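Written below as C-alpha cells is the structure these notes are about.
The values are calculated or read from the model by the stated rules, or taken from the named source; none is laboratory data. Nothing here was measured: the structure is a model prediction, and the numbers come from that model. Please note: Cβ atoms are built from the backbone with ideal geometry, for glycine as well, and neighbour counts cover all protein chains shown.
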C-alpha cells in the first residue's frame with residue numbers, strides 16, 4: 001500500500017499569550033493518501049485552521065507551539081525540518097489557500113507577477129518565456145483570460161480574486177493543497193463556480209486536498225473523506241458515505257445536521273445544539289462535548305471517550321463503545 | 001488528554017485590560033516611572049523650592065564642578081544647577097501640558113467637525129490644515145513669536161498653533177473609524193440626537209488614538225519650547241528653562257561641559273520617557289482590541 | 001382587507017460616485033402584512049441592505065414612497081420621524097461592530113429606552129432591561145459584562161434585546177445570523193421566530209442564504225442589482241421558482257446530501273454587471289441562459305404570473321404557459 005501523502009500523529013498545539021494558554025489542538029490523528037479530498041469540518045474554534053497552519057509550519061511565531069506529535073508530509077518530518085527546508089516545501093509540495101481573497105493578494109503587484117513569484121522560486125533557472133507561458137497557462141486553467149495578467153488585484157471581483165489565489169496555489173503542482181474555507185466569503189453562485197473549478201483541477205492534477213469548512217453541503221459536493229472536529233479533536237471521521245449515509249453518528253454530528261435548515265422539508269423550528277463550544281483555555285474533563293450532549297452519561301463527564309472503528313468509520317463516543325452497540329475499539 | 005479545571009478569568013473592563021497590557025511592556029513602564037519622577041520633582045520644587053536662589057546671581061560661586069553642596073555644580077552666574085533644573089522641569093512640563101491641551105482642544109474641534117459633517121466642511125478644514133502642515137513647525141512657531149513679540153503667552157500660542165494640524169488629522173481619522181461602526185447607526189435608528197451620539201458613542205471610542213497622540217505631542221512641545229528658548233525667542237533669562245540654560249551654557253561648553261550636558265540630558269529624558277509612554281499606549285490599545 | 005404595515009412604491013436609492021450614478025435600489029415595490037415576515041434574498045451588490053436601511057430612513061431615499069400604516073414616511077420631517085423611530089428598528093449583521101465596546105450590556109440595552117424616554121426612573125429602566133435580557137435568553141450575570149468578553153451568539157442576542165427595547169412593531173433584520181456558527185444560527189433563528197409569535201412583530205429578513213430564509217419567511221422577494229425579480233410565498237418559491245436567477249440561486253446551494261456530480265451544466269456563468277448607470281433591458285440578461293434580444297432592450301416589469309406570484313421576466317408576460 002502506498003505511503004500517505006500526509007500523516008499526522010497525536011498532534012497537540014497551544015497558543016500561549018500573556019493572558020492565557022489556548023489549547024487549540026488536543027490529540028489529532030489524520031492520514032491522507034494521494035488524490036484524496038478530505039473535508040475537515042467544524043465550527044469556529046474547533047482547531048481546523050490551526051491544524052492546517054501546523055502542517056505548513058506557519059503558526060504565529062512566539063505564540064503558537066506544537067507541544068506534541070508528529071507531522072509527515074510526503075515522508076518528510078515537518079516539525080524537524082529547518083526553515084530553509086520548509087520554504088522549499090511551501091508552494092511546491094504543499095500549498096495553502098486562505099479564506100479571505102480580499103486580503104490574500106498583494107495590492108501593489110500584478111496578478112501575473114504574483115503567480116510568477118511562486119514559479120520563479122521553485123523552478124530555479126526558469127527562463128522568461130517559460131515563466132510567461134506558465135503564468136498564462138495557470139490563468140487559463142482557472143478561467144481568467146491570460147491577457148489580464150498585467151492587471152492588479154483591485155481590478156478583479158471577489159470570485160476572480162479567489163481564482164487567482166487558487167492559481168498561485170496550484171502553480172507548482174503541489175501534491176497537497178490546504179484550502180481554508182476558500183468559498184465562505186463568496187456569493188453562493190460564485191461559490192458553485194469556484195468549487196466546480198477546484199474539482200476539475202484536482203482531477204486534472206491528481207492533487208490531494210484538505211478542504212476546511214463549516215458547510216456540510218460543500219463537503220457533500222467535493223469530498224471523499226470527512227473528519228469532524230470539536231474542541232481540538234477529531235470526534236468522527238470516515239468516507240463521505242459513512243458520514244452522510246451511515247446509520248450511526250456522533251451526537252455532535254447529528255446536532256450539526258439538525259441545525260442546517262433543510263430545503264426539502266418544512267419544519268417550523270430548527271433543532272440547534274444548545275450551549276457553546278467550551279472555552280479553549282479551560283477544557284472540560286472527560287468528553288469535551290458532554291455538557292452539550294443530549295445523551296450524556298455519567299462516564300462521559302469523567303473519562304475521555306475511546307475511538308471506536310467500524311470499517312473506515314471512526315466515532316469517538318462512549319455510546320459507540322462497550323456501553324453502546326457494537327463496533328470494535330482499537 | 002485531561003486538562004484540569006482552572007478558575008474562570010476575572011472579568012475586566014476595557015480600561016483595565018489596556019492597563020494590564022501596558023504594564024507588560026517594560027520600556028513603557030520605564031518611561032512612565034521616569035516621567036512620574038520628573039513630575040514629582042516639579043511638584044516638590046513648587047512647594048519647597050526657593051525660586052530666588054534659582055535666579056539670583058552669586059558670582060563668587062560661579063562655575064563650580066559637582067560637589068556635595070551643589071550636586072550638579074553651578075553655572076557661570078553662580079546659580080545652583082540642580083535647582084534650576086528642577087524649576088526648569090516645572091516650566092517645561094507645565095507649558096508642555098498647557099500647550100498640548102490648547103492644540104488638542106482646537107485640533108479636536110476642527111477634526112471632529114471635519115469627520116462628523118464630512119463633505120465640503122471636511123474638505124475646507126482639511127485643506128487649511130494642509131497649508132499649516134506645509135510649513136515646518138519650528139519655523140511657524142518662530143514666525144508667530146517674531147510677529148507677536150516674546151512672552152509666555154505668545155510662546156504658548158505659537159507652539160500650540162504649530163501642533164494643531166496633527167491633532168486635527170488624528171481626531172478626524174479616529175472619528176471616521178468610529179462612525180463606520182454599526183452601533184452608531186443603531187443609535188441613529190432610535191432617534192438619538194447628534195450631541196448624544198458624539199458624547200456617548202463617538203468620543204469614548206475615539207479616545208484611544210487621541211490620547212496616544214496627546215502623549216507624543218507633549219514630547220514634541222517640550223522640544224519645541226526648548227528650541228525656541230535656545231534661539232532666544234522663547235523663555236528669556238533669568239527664568240530657568242532647559243532650552244535657555246542650553247543657550248547660556250553653549251559659550252562655555254568647551255571647558256565646562258556640565259553646563260550643557262545636564263539640561264540637554266533633561267530634555268532628552270523627558271522626551272524619551274514621553275515617547276515610550278506614547279508608544280506603549282499605542283501598542284496596548286491597538287491590534288488586540290479587535291477580537 | 002387591512003392596510004399592510006409596510007409598503008414601498010417605486011423606492012429608489014442612487015449614490016453619486018466619480019464614475020456615475022450607482023443604482024443601489026431601483027424602483028422596488030413591496031408590501032409586508034403586520035405580523036408576517038418578508039424575506040429579502042440576493043447576493044452581494046443586489047441592494048438588499050440598502051433597501052432595509054432606506055425603509056427605516058437611516059439612508060435617505062432618492063425617490064419613491066415608503067408607507068407605514070398607509071402614511072408616506074419618506075417625506076416626513078425630522079420631528080415627525082422622531083415619533084416613528086421607536087416603531088421601526090434594525091438588527092445588524094456584524095456582532096462585533098454593532099455594539100459600543102465602551103458600554104456594558106445593561107447600558108447598551110438601556111440606551112434606546114433612555115433616548116426615547118419610555119421609562120424615567122433608573123429602577124424602572126433596569127427592570128425593563130432585565131426583562132429584555134430574559135426574553136432573549138441572556139443570563140442576568142452578563143449585565144455588567146462588556147461586549148468583548150462575549151461570543152458572537154450572545155452579542156447578537158444583545159443586539160436583538162436592544163432592538164426590542166423600544167417595543168417596535170417592525171424590525172429589519174440585516175443578515176442577523178450570517179456571521180454566526182451553524183449551531184448558533186439555529187438558536188438565534190428560533191429565538192427570532194418565537195419573539196415574533198409572542199410580540200406580534202413584523203420582520204423584513206435580509207439574507208443571502210436561501211435555506212435560512214425559508215424557515216422564517218412567509219413571503220420571499222428575490223433581488224438582483226437593485227430590482228426585485230421575483231416575489232411569492234415562501235414555500236411556493238422553492239416548489240416553483242420562475243425567474244432564471246432564482247432557479248440558478250437554488251441550484252447553486254450545496255445540499256448536505258451525497259449526489260452524483262452533474263453540476264457543470266447547471267452552474268451559472270459570469271458575474272453581476274455594473275450597477276453604475278445600468279443600461280436599459282433586463283439586468284440579468286448577460287448571464288441568463290434564456291436571454292433573447294428583446295430582453296436586452298426592454299426592462300421587464302414585475303407582473304403577476306400566477307396568483308400571488310410576481311416575477312419580472314419576459315417569459316411570463318402572458319402568465320405561466
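Of the residues making up the stretch C:39-48, those that are more than 14 Å from chain A (Cβ to nearest Cβ) and surrounded by fewer than 22 Cβ atoms within 10 Å (Cβ to Cβ) number 0.
Scanning the stretch A:272-289 for residues being within 12 Å of chain C (Cβ to nearest Cβ), without any contact (Cβ under 8 Å) to a residue 40 or more places away in the chain and touching a helix residue (DSSP H, G or I) at 6+ places or on another chain (Cβ under 9 Å) gives a total of 5.
Tell me, please, whether a residue that is without any contact (Cβ under 8 Å) to a residue 12 or more places away in the chain and in contact with a strand residue (DSSP E or B) (Cβ under 9 Å, 6 or more places away or on another chain) can be found in the stretch C:241-255. Show your work before the answer.
Taking the stretch C:241-255 as the starting set, the residues that turn out to be without any contact (Cβ under 8 Å) to a residue 12 or more places away in the chain are C:241, C:247, C:254-255.
With in contact with a strand residue (DSSP E or B) (Cβ under 9 Å, 6 or more places away or on another chain) added as a condition, the list becomes C:241.
Yes, that holds for at least one residue.
The listed residues are A:178, A:195, A:186, A:211, and the only one of them that is under 20 Å from the mean Cα position of the chain (by Cα), within 20 Å of residue A:97 (Cβ to Cβ), at pLDDT below 90 and not in a helix (DSSP H, G or I) turns out to be A:186.
Residues that are within 13 Å of residue B:224 (Cα to Cα) number at least 1 in the following helices (runs of 4 or more DSSP H) confined to the stretch B:89-180: B:137-148, B:152-179. Before we move on, is residue A:241 within 13 Å of chain C (Cβ to nearest Cβ) and farther than 21 Å from residue C:151 by Cα? Yes; evaluated as a whole, the condition is true for this residue. Those residues that are in contact with a helix residue (DSSP H, G or I) (Cβ under 9 Å, 6 or more places away or on another chain) and within 28 Å of residue A:68 (Cβ to Cβ), I need them from the stretch A:228-255; list them, please. Of everything in the stretch A:228-255, those that are in contact with a helix residue (DSSP H, G or I) (Cβ under 9 Å, 6 or more places away or on another chain) and within 28 Å of residue A:68 (Cβ to Cβ) turn out to be A:228, A:229, A:230, A:232, A:235, A:236, A:237, A:243, A:250, A:251, A:252, A:253. Taking every residue in the stretch A:245-260 that is within 11 Å of residue A:295 (Cβ to Cβ) and within 8 Å of chain C (Cβ to nearest Cβ) and pairing it with any residue that is buried (at least 19 other Cβ atoms within 10 Å of the Cβ) and at pLDDT below 90, at least 6 positions away or on another chain, the pairs with Cβ-Cβ distances below 7 Å are A:255/A:273; A:255/C:183.
Residues of the stretch C:61-77 that are more than 19 Å from residue C:13 (Cα to Cα) and within 13 Å of chain B (Cβ to nearest Cβ): none at all. If the condition is being within 11 Å of chain A (Cβ to nearest Cβ), within 30 Å of residue B:192 (Cβ to Cβ) and assigned to a helix (DSSP H, G or I), then the stretch C:160-184 contributes only C:184. Just one of the listed residues (B:173, B:162) is modelled with pLDDT of 90 or more and touching a helix residue (DSSP H, G or I) at 6+ places or on another chain (Cβ under 8 Å), namely B:173. Scanning the stretch B:184-199 for residues that are at negative phi, modelled with pLDDT of 85 or more, buried (at least 24 other Cβ atoms within 10 Å of the Cβ) and over 18 Å from the mean Cα position of the chain (by Cα) turns up at least one hit. In the stretch B:231-240, the count of residues that are in a helix (DSSP H, G or I) and in contact (Cβ under 8 Å) with a residue 24 or more places away in the chain is zero. Within the stretch C:101-124, the set of residues being away from chain B (no Cβ under 14 Å) and within 28 Å of residue B:206 (Cβ to Cβ) comprises just one member, C:122.
Test residue A:82 against the stated conditions and say whether it is surrounded by fewer than 19 Cβ atoms within 10 Å (Cβ to Cβ), more than 14 Å from chain C (Cβ to nearest Cβ) and over 22 Å from residue A:305 (Cα atoms). Walk me through how you get there before you give the answer.
Working: surrounded by fewer than 19 Cβ atoms within 10 Å (Cβ to Cβ): yes; more than 14 Å from chain C (Cβ to nearest Cβ): yes; over 22 Å from residue A:305 (Cα atoms): yes.
Yes; evaluated as a whole, the condition is true for this residue.
Here are the criteria: (1) within 13 Å of chain A (Cβ to nearest Cβ); (2) within 29 Å of residue C:63 (Cα to Cα); (3) not in a helix (DSSP H, G or I). Tell me which single one residue C:283 does not satisfy. Among (1) within 13 Å of chain A (Cβ to nearest Cβ); (2) within 29 Å of residue C:63 (Cα to Cα); (3) not in a helix (DSSP H, G or I), the lone unmet condition for residue C:283 is (1).
Given the residues A:165, A:135, A:118, which is the only one that is in contact with a strand residue (DSSP E or B) (Cβ under 8 Å, 6 or more places away or on another chain), part of a helix (DSSP H, G or I) and buried (at least 20 other Cβ atoms within 10 Å of the Cβ)?
The match here is A:165.
Within the stretch C:235-245, is there a residue that is buried (at least 22 other Cβ atoms within 10 Å of the Cβ), farther than 27 Å from residue A:194 by Cα and at pLDDT 90 or above? No, the stretch C:235-245 contains no residue that is buried (at least 22 other Cβ atoms within 10 Å of the Cβ), farther than 27 Å from residue A:194 by Cα and at pLDDT 90 or above. If you go through the stretch A:1-18 and pick out every residue that is out of contact with any helix residue (DSSP H, G or I) (no Cβ under 8 Å at 6 or more places or on another chain) and either modelled with pLDDT under 90 or not assigned by TED's automatic domain parsing to the domain that holds residue A:217 (or both), you end up with 4. Taking the stretch C:196-213 as the range and being buried (at least 22 other Cβ atoms within 10 Å of the Cβ) and over 18 Å from residue C:31 (Cβ atoms) as the test, the residues that pass are C:207, C:210, C:212. If only one of A:234, A:273 is at pLDDT 90 or above and either assigned to a loop (DSSP other than H, G, I, E, B) or in contact with a strand residue (DSSP E or B) (Cβ under 8 Å, 6 or more places away or on another chain) (or both), which one is it? Of the residues listed, the single one that is at pLDDT 90 or above and either assigned to a loop (DSSP other than H, G, I, E, B) or in contact with a strand residue (DSSP E or B) (Cβ under 8 Å, 6 or more places away or on another chain) (or both) is A:234.
If you take the residues in the stretch C:140-149 that are surrounded by fewer than 20 Cβ atoms within 10 Å (Cβ to Cβ) and touching a residue at least 12 places away in the same chain (Cβ under 8 Å), which one is farthest from the other protein chains (Cβ to nearest Cβ)? That would be C:143.
Note on the stretch C:88-100: residues that are facing chain B (nearest Cβ under 7 Å) and in contact with a strand residue (DSSP E or B) (Cβ under 7 Å, 6 or more places away or on another chain) total 3. Of the residues screened, residue A:298 is not one that is out of contact with any strand residue (DSSP E or B) (no Cβ under 9 Å at 6 or more places or on another chain), free of Cβ contacts under 8 Å to residues at least 40 places away in the same chain and in the same structural domain as residue A:15 (by TED's automatic domain parsing). Can you say whether residue B:245 is free of Cβ contacts under 8 Å to residues at least 24 places away in the same chain and in contact with a helix residue (DSSP H, G or I) (Cβ under 8 Å, 6 or more places away or on another chain), as far as the supplied structure shows? No: the conditions fail for residue B:245.
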